[in-house]
Amino acid sequence: MVESGAELWQSYMMASKIYLDSDRVEEARGKSQSAYAYEILRIRILRGVHAPGEKLRIQELATEFDVSPGAMREALSRLVPEQLVVAREQRGFHVAPLSIEDLEDLTDLRCSIEAIALRRSVERGDVNWEAGILAAAHRLRGTAYPQNYDPVAEEEWRLRHTAFHAALVAACGSRRLTALHAQLYEQSERYRSLSAPAEPNRDVEKEHHALVDLALARDADGLVAAMEHHLRFTTQLVVQSFNQRSEQLQK
């Protein structure tokens, strides 16, 4: 029997949960209970394992993560200012909702922050910055963009894609700007995780190659324009995917 789009998506998310849990547990285990719970739960929310609006039951999660309820409550509280979790009075914690309006607002803000960080990096970057970009781009090119529901390939590509975008702004010279850039990037990735992994009719590698060339040429205006196109194109595809999935669920 052929699975429907919704069933394929559920299968993908279940596989993602298994992969993420097994791959990241050892890395976080050496930390305190609350830090461990925070890091693993944060990853799972960003990757779409927990659905938008889902109620996060402290006792159930504490049992699953093998931590105390107090540690889990602390972890959930830490995720509230990151806008990944919302605390509702007398209703507990829920995964923060998503919306097209929020995505568009996030994209606008991200384009503005990217512009500042990229211009500063072009101005301040040295040969080490250039080498970092080339190395990150080389590693990303060595990872095929996932074309179907493969959580392992998706995660590997995602990590290298994150490193590539971080390398472009690594010379901005501001810890606060770098932290804000990373936070907005991760919130954008949450939307990508809830859209279809494949992006047909798009040459992502070509877009990345253009970003590298513009950065190395120290063409700040061209780099900012190319990055904005890159981000808004992604947003357009995510919105299309959201609309398609909404139509499927209504059938």
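Every residue, every condition in (1) outside any loop (DSSP other than H, G, I, E, B); (2) under 15 Å from Pro97 (Cα atoms), yes or no:
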| residue | (1), (2) |
| --- | --- |
| Leu41 | yes, no |
| Arg44 | yes, yes |
| Val49 | no, yes |
| Pro52 | no, yes |
| Glu64 | yes, no |
| Met72 | yes, no |
| Ala75 | yes, no |
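Would you check if Val238 is in contact with a helix residue (DSSP H, G or I) (Cβ under 7 Å, 6 or more places away or on another chain), crowded, with 17+ Cβ neighbours inside 10 Å, β-branched (Val, Ile, Thr) and modelled with pLDDT under 95? Against the criterion (in contact with a helix residue (DSSP H, G or I) (Cβ under 7 Å, 6 or more places away or on another chain), crowded, with 17+ Cβ neighbours inside 10 Å, β-branched (Val, Ile, Thr) and modelled with pLDDT under 95), Val238 qualifies.
Identify all residues within the range 113-133 that are loosely packed, with under 14 Cβ neighbours inside 10 Å and either modelled with pLDDT under 95 or in a helix (DSSP H, G or I) (or both); write none if there are none.
Filtering the range 113-133 for residues loosely packed, with under 14 Cβ neighbours inside 10 Å gives 123-124, 126-128, 131.
Scanning the range 113-133 gives Glu123, Arg124, Val127, Asn128, Ala131.
Here's the yes/no breakdown for (1) at pLDDT 85 or above; (2) loosely packed, with under 15 Cβ neighbours inside 10 Å; (3) over 27 Å from Leu231 (Cα atoms); (4) out of contact with any helix residue (DSSP H, G or I) (no Cβ under 8 Å at 6 or more places or on another chain):
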residue	(1), (2), (3), (4)
Leu8	no, yes, no, yes
Arg47	no, no, no, no
Ile58	yes, no, yes, no
Phe65	yes, no, yes, no
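Look at (1) modelled with pLDDT under 90; (2) assigned to a helix (DSSP H, G or I); (3) over 20 Å from Glu39 (Cα atoms) and you find that Ala144 fails only one, number (2).
What number of residues within the range 47-106 satisfy the criterion of being within 30 Å of Leu237 (Cβ to Cβ), of a type in the set (A, V, I, L, M) and out of contact with any strand residue (DSSP E or B) (no Cβ under 9 Å at 6 or more places or on another chain)? Let's see the steps before the verdict.
Going through the range 47-106, the residues within 30 Å of Leu237 (Cβ to Cβ) turn out to be 47-56, 79-86, 94-106.
Narrowing further to those that are of a type in the set (A, V, I, L, M): 49, 51, 56, 79-80, 84-86, 95-96, 98, 100, 103, 106.
Still in the list and also out of contact with any strand residue (DSSP E or B) (no Cβ under 9 Å at 6 or more places or on another chain): 49, 98, 100, 103, 106.
Summing the residues that are within 30 Å of Leu237 (Cβ to Cβ), of a type in the set (A, V, I, L, M) and out of contact with any strand residue (DSSP E or B) (no Cβ under 9 Å at 6 or more places or on another chain) in the range 47-106 gives 5.
Residues of the range 22-30 include none that is more than 25 Å from Arg158 (Cβ to Cβ), hydrophobic (A, V, I, L, M, F, W, C) and either more than 18 Å from the chain's Cα centre (by Cα) or at pLDDT below 85 (or both).
The values are calculated or read from the model by the stated rules, or taken from the named source; none is laboratory data. All values derive from a computational prediction rather than experimental measurement. Heads up, the Cβs are rebuilt from the backbone with ideal geometry, glycines too, and the neighbour counts pull from every protein chain shown.
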